[in-house]
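Following: one structure in structure tokens, then a few remarks.
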Amino acid sequence: EKGGWSSFMAKEIAEDPEAVANTLRGRLVDGLPSLGELGSLDDDALRGIDRVQIVACGTAAYSALVGKYAMEAWARIPVEVDLAHEYRYRDPIVDERTLVISISQSGETMDTKMAVQHAIAQGARTLSICNTQGSTIARASEAVLYTHAGPEVAVASTKAFLAQVVALLLTGLHLGRVRGAMADDAIREVTEALEELPEQLRTLLADQDEIRELAQWMSDTRSVLFLGRHVGYPVALEGALKLKELSYIHAEGFAAGELKHGPIALIEPGQVVFVVVPSPRHQQGLHAKVVSNIQEIRARGARVIAVAEAGDSAVLPYANQVLRIPLTLPLLEPVLSVVPLHVFALELATAKGLDVDQPRNLAKSVTVE
Ligand code: M6R
């Protein structure tokens, strides 16, 4: 039931804080991840793996990309991400020391299921991150971590994406701990930040008027670009996918560093570009690099909407508009920075008078190859 909401999508975005809280619930003990539910994928099994491969489609594959950055940083294990429908056709190198993580909201996506079966046939250990209890992919895998985001009805995935990212972050911390790559204090610093997310999401969602006005102003726009870097890159891809699905306008996400290798040719006066700005506290100076990308595209007439951390004043002279997100650790930022992009897609489709819950040509779960 939609309750008082104009659409399931609006309702499901409003449920983001609860979805994240539910994914975390019962999985942190004394600030450390506790994933006894993984059964035979116990600590010994996880110490025995030497690579991780994550398979998924669509939005779930973007959550996988965020997971890769976090898992490699925390567990110091190589992580590959594949679109599930590409995975088995490229004859991946997979054996009993490989952990294949599949991600699927529905747990019924045929492409993802086939990838899991391929992995099992090669002897891999398998973990699925699913939202739907008892689903096919969950049952096919050796272990399952349910996201517990609650039912998602709208075709466009929103709260499930946030929950998938959080489940992957938990898995990354768990692997980091079990494999001795991360000290307990460092883990606790992350879990404290994870536990703050639901409240931060509530704050973020409380004020969406600016995005609504922006979407209304943009209802005739024909193309929107999204730029991001590091974990902001998958967020840019997700922002673009959601806009395509719901508004039927051309939208593309790029890694900001790739701009000068081609996409900058697309920039002409009036082109709207969303830029997901990494936190200034990010190591390796990524913030300055993205700010300089903003300068480059502004100089060519782009209209820049920055999604930036509260208090980040470096973007102010260059962005036309800044959408603020609360402060968190850099690797956790996607959980917050994706929200304005979800809301923007919802509001733009609404401004165009489209059916946001049932976009044309799409099904909630794709059960054919
Ligand atoms: O149920 P799944 O998570 O396996 O679905 C994967 C994709 O089909 C899904 O995320 C799709 O891209 C959504 N419509 C995105 O909003």
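The values are calculated or read from the model by the stated rules, or taken from the named source; none is laboratory data. Bear in mind that the values here come from a model prediction, so they are computed numbers and not experimental data. Note: ideal-geometry Cβ built from the backbone for every residue, glycine included; neighbour counts use all protein chains shown. SASA here: full protein model, heavy atoms, side chains in, ligands and nucleic acids out. Shrake-Rupley method; radii C 1.70, N 1.55, O 1.52, S 1.80 Å.
Per-residue extension of 0.36 nm, minus the Cα-Cα distance of R47 and Q216, leaves a gain of 55.7 nm for this segment. For region 139-236, the spread of Cα coordinates along the three principal axes comes to 53, 34, 26 Å, biggest extent given first.
Filter the chymotrypsin sites (Phe, Trp or Tyr not before Pro) in region 173-262 to those in DSSP coil with at most 15 other Cβ atoms within 10 Å of their Cβ, and list the result. Write out the running numbers ahead of the final one.
Details: sites: W217, F226, Y248, F254; in loops: Y248.
For chymotrypsin sites (Phe, Trp or Tyr not before Pro) across region 173-262 that sit outside H, G, I, E and B with at most 15 neighbouring Cβ atoms in 10 Å, the list reads Y248.
The orientation-averaged shadow of the Cα convex hull for region 25-154, equal to a quarter of the hull surface, comes to 7.8 nm².
How big is D, in µm² s⁻¹, for region 192-251 by Stokes-Einstein at 37 °C and 0.692 mPa s if Rh is the Kirkwood radius over C-alpha pairs? Write down the numbers at each step before the final one.
Working: Rh = 13.4 Å.
For the chosen part, D equals 244 µm²/s.
Among the protein heavy atoms, those of M114 account for about 50 Å² of accessible surface (1.4 Å probe, every chain in place). Computed from Cα atoms, the angle from the helix 232-247 axis to the main principal axis of the chain rounds to 70 degrees.
Computed from label points 7 Å out along Cα-Cβ, the spacing between D30 and N320 is 5.4 nm. Between amide H atoms placed 1.01 Å from N, distances below 5 Å from R303 occur with G270, Q271, V272, V273, all of them 5 or more places distant or on a separate chain.
Quick check for you: with a 1.4 Å probe and neighbouring chains kept, what is the accessible area per residue of the chain, in Å²? Per-residue accessible area for the chain comes out at 39 Å². To the nearest ten degrees, helix 184-206 and the longest principal axis of the Cα atoms of the chain are 40 degrees apart. Among A299, A256, A308, the largest mean-square fluctuation in a Gaussian network model of the chain (Cα springs under 10 Å) belongs to A299.
Given region 1-61, what whole percent of its Cα pairs are spread farther than 19 Å? Could the numbers behind the result be given before it?
On the way: 1113 of 1830 pairs.
I get 61 percent for the Cα pairs in region 1-61 exceeding 19 Å.
Within region 239-353, the percentage of alpha carbon pairs spaced more than 21 angstrom apart rounds to 37%. The alpha-carbon of K352 sits under 18 angstrom from the alpha-carbons of these lysines, leaving out residues fewer than 8 places away in its chain: K242, K244.
How much length would be gained if the chain were fully extended between I264 and R202, taking 0.36 nm per residue of separation minus their Cα-Cα distance, in nm to one decimal? Before the final figure, lay out the partial values.
Details: separation 62, 0.36 × 62 = 22.32 nm, distance 3.56 nm.
Taking 0.36 nm per residue and subtracting the Cα distance, the gain is 18.8 nm.
Applying 1/(1 + (r/R0)^6) with R0 = 51 Å to the Cβ-Cβ distance of N361 and D209 gives a FRET efficiency near 0.95. Of the peptides 321-329, 199-207, the ranking by mean beta-carbon count within 10 Å, highest at the top, reads 321-329, 199-207. Its residue count N fixes a reference of 2.2 N^0.38 Å for the chain, and the Cα radius of gyration divided by that reference is 0.95.
For region 286-369, how big is the tail of P(r) above 17 Å, as a whole percent of Cα pairs?
Of the Cα pairs, 62 percent sit more than 17 Å apart.
Shown here for region 54-95: trypsin sites (Lys or Arg not before Pro) in loop regions (DSSP other than H, G, I, E, B) with at most 13 other Cβ atoms within 10 Å, namely R76.
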